[in-house]
Amino acid sequence: MNDDFLRNLRRPPSATFERQLRQRLREQELHETSRRRPNWKLLTIAMLVGGTALATATYLTMDRAPWQRSPATPVTSQEHTATISQPALTARQNSSQWWGSGDDTPETATRSPSAPSTEQTKITSGARADDSSSANASSAGGARAGGAIAVPGSGTNKQPIRIAVTPDIEAIAKATLSRSGSVQSASFEADDANPALRSLCTGSAEHPEIVISSRRITKDELKACNEPWVGGLLEATLGHIAVVITGAQTGSPMELSRDAVLRAVLKRIPSAEDPSRLIANPYTHWSQINGSLEDRRIEIVGPARDTPEFLVFAAALLEPACDKYPSLQALQHTDRKAYEEICFSMREDGVYNEMPLDSMFVRQRLWSDPKVIAIVDYPFYAANSADLLESMLAGAPATRESILNGSYGAARSLYFYVPRWRYERSPRVYLFVKEYLQLQGFPKRALIRPDGHTGGPQSPQPVPLKEVTLN
Amino acid sequence: MGWLATQQVDWDAVYKDQLPRVYNYLRFRIGNESDAEELTARTFEKAWRGRNLYQRDLAGFSTWLFTIAQNVAIDHLRSSRPHLPLEAAMEVATLHTPHDDAERDSNLARLGALMRHLPQRDQEVVALKYGGDLTNREIARLTGLSESNVGTILHRAVRDLRSGWEKQP
């Protein structure tokens, strides 16, 4: 037996089969073409009917805008009326600051009648001067009670929602928004959890309206949100993200620290002698990183830099590992771009190989080379655990429970916070939150949710928004 | 423009060129003619729906076609895989039933029996090489192995097959 013998075993498919298959493909093509071809007559009728229905629905809902239909109760118990001048309002709307000129609280909103006014606007205590969309809604249907501003002729609201996000989950949060077309009216600011959560309920102009944090708010930080005019803080647990360091079931396990993984995969790493200095990654064997590890060649397969899985890897493992080095942690605050350039740049010398996480990943890549270490996201790991080694990361095993209770070492949580008064009084915030919590922008399979669902287009229910109560 | 571009590709010629390769890959991989036909049809039906994506990259189309074929084969093998330990596979290969005896007459059936002793990865590489008529580079791209590794695997696999072939009566 030789190559020729094996090649001679090939034979052409039978003529009957070839003809039948060609026929099947042709029929399939015709079927799909007919499915794609629009029926213009039907389309025109549908458009007419749809247009009429839309017009009717718009007319009916003008009376009660969606945010007014929410079960929310007014934040302040007594509503009082104040006047606000149109020029002052316009000036605030046009301001380049995040939140106009700081007229954010009910108190400041009532403090503007001094400006010369030819056209006076009625405002109730809960409404915000920047909410021109609410103003439009009211102006369309005339001035109404219930917290809306009546601003005849005011422009549409283009102000983005100000979201502070903790740096470790910034990349994934940004990717989420960029994937969701309808929530692009948001402006992200990376901020540490401490200042972001402390300032959330202060209501001043330079502070965020929403915070997405990788940790829960503390009792102390919550105090400001329990002021009567804020009415409490609403929280949604968006979910958890996690990566698993694993390998083919037939391979031999190792116990790796986050630092060992970092030293194995990054293009440049802090020098062992002087961690404030970066060096080109010199390691070729695991035993060089740590003498107690196997003298095995470092071979790693993982997600490509531009994939959602890589963002999870970066947030859940690379960033916490990088932050152990004070010089890198400092860089995170001073030059985030440089920080990412160092901490998220994978080796290009063949040690780290990008592979898509698909059905071929385990069967083809890992089975063929059991010595390869694989970096996969938790949902992929859970789906293929029968063929994979247990998590090689030191500490708690990679299980759903350990991720949900926070004991697993390569996981991050995503908490979403919005003060109640903003949610209930600001239409733009309300609409944004409603849409965002559908998690439509999240990559499929990215989130591990306590209710057992995953985020993404298949997510059946929006994430519930609940009032934070800390004992 | 897309329509015009589509017209530039002679899909009929592509079909004629690729059909025997995919069909033979699946024959080698599955070792059963009728299953190979059915899986080939399934592969082409899937690929044909999205073929216009590759109108400017026929090499890419070929790779994509084989990726689909691999997945189809794996799904088939998984669904029909007997849940026996590896040792039992030896016995499966030497069971004597009239049907098996008839199959044994065919060289492909003999080869199929020998192939079952090879690791899954090696079976895949052999099927891609001699059934799919792919180059080592194309196999490397499909399997994620290095080109030299593919060469080594093929050399070893053919040696083992030859040895088994000579031992069989």
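The values are calculated or read from the model by the stated rules, or taken from the named source; none is laboratory data. As the structure is a prediction and not an experimental result, all values here were calculated from the model. We place every Cβ from the backbone using ideal geometry, glycine too, and count neighbours over all the protein chains shown. SASA here: full protein model, heavy atoms, side chains in, ligands and nucleic acids out. Shrake-Rupley method; radii C 1.70, N 1.55, O 1.52, S 1.80 Å.
So the values come out like this:
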item: Strands (runs of 3 or more DSSP E) enclosed by segment A:227-318 - at least 3 residues per element that are open to solvent by less than 10 Å² (accessible area, probe 1.4 Å) and in contact with a helix residue (DSSP H, G or I) (Cβ under 6 Å, 6 or more places away or on another chain); result: A:233-247
item: Contacts under 6 angstrom Cβ, first residue in segment A:364-385 being free of Cβ contacts under 8 Å to residues at least 12 places away in the same chain, partner hydrophobic (A, V, I, L, M, F, W, C) and buried (at least 20 other Cβ atoms within 10 Å of the Cβ), 6 or more apart; result: A:SER368/B:LEU145
item: Number of the condition not met by A:ALA338 [criteria: (1) of a type in the set (Gly, Ala, Ser); (2) more than 14 Å from every other protein chain (Cβ to nearest Cβ); (3) buried (at least 18 other Cβ atoms within 10 Å of the Cβ)]; result: (3)
item: Out of A:ARG412, A:ARG400, A:ARG365, sole residue that is more than 30 Å from A:ALA164 (Cα to Cα) and open to solvent by 10 Å² or more (accessible area, probe 1.4 Å); result: A:ARG365
item: Residue match in segment A:299-318 (condition: among the small types (Gly, Ala, Ser) and within 14 Å of chain B (Cβ to nearest Cβ)); result: yes
item: A:SER204 vs. criteria touching a residue at least 40 places away in the same chain (Cβ under 8 Å), farther than 30 Å from A:GLN364 by Cα and open to solvent by 10 Å² or more (accessible area, probe 1.4 Å); result: yes
item: All positions within segment A:343-353 that are open to solvent by 40 Å² or more (accessible area, probe 1.4 Å) and more than 10 Å from chain B (Cβ to nearest Cβ); result: A:GLU348, A:ASP349
item: Subset of segment A:359-395 that is out of contact with any Gly (no Cβ under 7 Å at 6 or more places or on another chain) and among the charged types (D, E, K, R) - its residue that is farthest from the other protein chains (Cβ to nearest Cβ); result: A:GLU390
item: Boolean, A:LEU439 is at pLDDT below 90, within 30 Å of A:VAL244 (Cβ to Cβ) and in contact with a helix residue (DSSP H, G or I) (Cβ under 9 Å, 6 or more places away or on another chain); result: yes
item: Some residue of segment B:126-135 being within 22 Å of B:THR40 (Cα to Cα) and open to solvent by 50 Å² or more (accessible area, probe 1.4 Å); result: yes
item: Hits in segment B:129-159 - residues which are outside any helix (DSSP H, G or I), of a type outside the set (A, V, I, L, M) and within 11 Å of chain A (Cβ to nearest Cβ); result: B:GLY132, B:ASP133, B:GLY144, B:SER146
